[in-house]
Amino acid sequence: MDINSNNSSPVLTDPAPINLLPYPQSGASFSSNIPRKKPEKLDEVHYNGWLDAMKSSSPPRKKLIKDLNFEDAADEIEIEIAYFSWMLKYPSALNSFGQITKFAKNKKIAIFLDYDGTLSPIVDDPDQALMSDDMRSAVRNVAKYFPTAIITGRNRDKVFELVGLTELYYAGSHGMDIMGPVNEAVSSNHPDCIKSTDQQGKEVNLLQPARDFIPMIDEVFTTLVENTKDIKGARVENHKFCASVHYRNVDEKNWPIIAQRVHDVLKLYPRLRLAHGRKVLEVRPEIDWNKGKAVEFLLESLGLGNSDDVLPIYIGDDRSDEDAFKVLREGNRGYGILVSSAPKETNAFYSLRDPSEVMKFLCWLVRWKKLGEGVSSVNKRWSI
Ligand SMILES: O=P(O)(O)OC[C@H]1O[C@H](O[C@H]2O[C@H](CO)[C@@H](O)[C@H](O)[C@H]2O)[C@H](O)[C@@H](O)[C@@H]1O
């Protein structure tokens, strides 16, 4: 069965980010008097498709499979059949390891990793999304052999705290806050790029294309906290260049309310837009920047831009990672690997089921490099 073959495909896709630009361009900016409580007009969020998007975001695996018309997919066998059909299109990066390394032979590999759902499992409390020590050591090892960067939706300092490895590069706020290697040519090309120092006092390049939005995001964050404080389970995070409103722990009957509250705030800020993440509404600046552009910027900074002998590999699980997958696929430049235990439409080339498979893949890359690239033949058996 080709589950992606036509428009009536039952494959559940994450909804496209909803652009709020059509709203009036006038309205509040930095210090508006945002009404604290407004009567809820729930129709508006229904109309905009927000609720559908919220419902289809990060559903339990069983529900995803049921939506694939496996009505009685009560047992694991049927769930696995659906997953395996999908893997015909997005093969496992572990099963395809021989092919990947064959292509990588004599190329410089650069590794890009998302954090939540890729290096750490998805959990209810964002503060408890911890990386295991084994994963940390796998990432540390990979960074010994290949330039490695974390590109996350989280605040950059926060993700550095969670990962704790000084040998990596970090990009927070969906790539809007990048700390990369010093590269004079790159900084002179990017007006938003400045010289700075990292936590260890080392010189770095800092790119913050949404710098002007910091006060606005701060203001919106405060308003969102205030406006959602009566919704049990709601949680708002400030990532400096964007803000996240979590509803994973909110009773589904209150989702229209949380959606409406975010919608009402956004209406007052035409320079901000909404994106959907995994049970999270992300409020971001309306600028032409995303994780894909962050990958391009980092490659350039590393001296690996526009080169045939470079193979970037990006591993991620979220809708925002699709921008990076797309950049790699469209330019035929490298491999996107989607982390998902259920079928999803994606721009990635390969798939991995969960963070434990991500760890295995990273360990295999290190082993392959250590053994010498001569073992990259597809005939070599990489055992799972
Ligand atoms: O780009 P990422 O590194 O994947 O970050 C995206 C968001 O990740 C976090 O939220 C997600 O993970 C949480 C912990 O497992 C989970 O509770 C939540 O439902 C997920 O959406 C983070 O808290 C967000 O701020 C990031 O934007």
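The values are calculated or read from the model by the stated rules, or taken from the named source; none is laboratory data. Here the structure is a predicted model, which means the values were calculated and not measured. Note that each Cβ is placed from the backbone with ideal geometry, even for glycine, and that neighbours are counted across all protein chains shown. Remember, those area values only see protein heavy atoms, side chains included, never the ligands or the DNA or RNA. Shrake-Rupley method; radii C 1.70, N 1.55, O 1.52, S 1.80 Å.
Remarks
- Residues of the stretch 227-244 that are touching a residue at least 60 places away in the same chain (Cβ under 8 Å) and either under 17 Å from Tyr170 (Cα atoms) or within 21 Å of the chain's Cα centre (by Cα) (or both): Arg235, Glu237, Asn238, His239, Lys240, Phe241, Cys242, Ser244.
- Only listed residue being in the same structural domain as Met131 (by the TED database), in contact (Cβ under 8 Å) with a residue 40 or more places away in the chain and crowded, with 24+ Cβ neighbours inside 10 Å, chosen from Leu281, Leu328, Leu352: Leu352
- Complete set of residues in the stretch 331-349 that are surrounded by fewer than 19 Cβ atoms within 10 Å (Cβ to Cβ) and either under 15 Å from the mean Cα position of the chain (by Cα) or under 18 Å from Lys89 (Cα atoms) (or both): Asn332, Ser341, Glu345, Asn347
- Only one of Leu224, Leu207 that is open to solvent by less than 40 Å² (accessible area, probe 1.4 Å), closer than 18 Å to Ile150 by Cβ, aliphatic (A, V, I, L, M) and touching a residue at least 12 places away in the same chain (Cβ under 8 Å): Leu207
- Pick from the stretch 304-321, criterion assigned to a helix (DSSP H, G or I) and not small (Gly, Ala, Ser), ranking: farthest from the ligand (Cβ to nearest atom): Arg319
- Of all residues making up the stretch 227-246, the number that are hydroxyl-bearing (Ser, Thr, Tyr) and either open to solvent by 10 Å² or more (accessible area, probe 1.4 Å) or part of a strand (DSSP E or B) (or both): 1
- Unmet criterion (only one of (1) without any contact (Cβ under 8 Å) to a residue 24 or more places away in the chain; (2) touching an Asp or Glu at 6+ places or on another chain (Cβ under 7 Å); (3) not aliphatic (A, V, I, L, M)) for Ser341: (1)
- Meets criteria (in a loop (DSSP other than H, G, I, E, B) and in contact with a strand residue (DSSP E or B) (Cβ under 6 Å, 6 or more places away or on another chain)) for Leu298: no
- Boolean, Leu362 is more than 16 Å from the chain's Cα centre (by Cα), modelled with pLDDT of 95 or more, under 28 Å from Asp133 (Cβ atoms) and away from the ligand (no atom under 15 Å from the Cβ): yes
- Of all the residues in the stretch 285-296, those that are touching a residue at least 24 places away in the same chain (Cβ under 8 Å) and over 14 Å from Leu328 (Cβ atoms) number 4.
- Condition check for Val265: over 17 Å from the mean Cα position of the chain (by Cα), surrounded by 23 or more Cβ atoms within 10 Å (Cβ to Cβ), in a helix (DSSP H, G or I) and of a type in the set (A, V, I, L, M, F, W, C): yes
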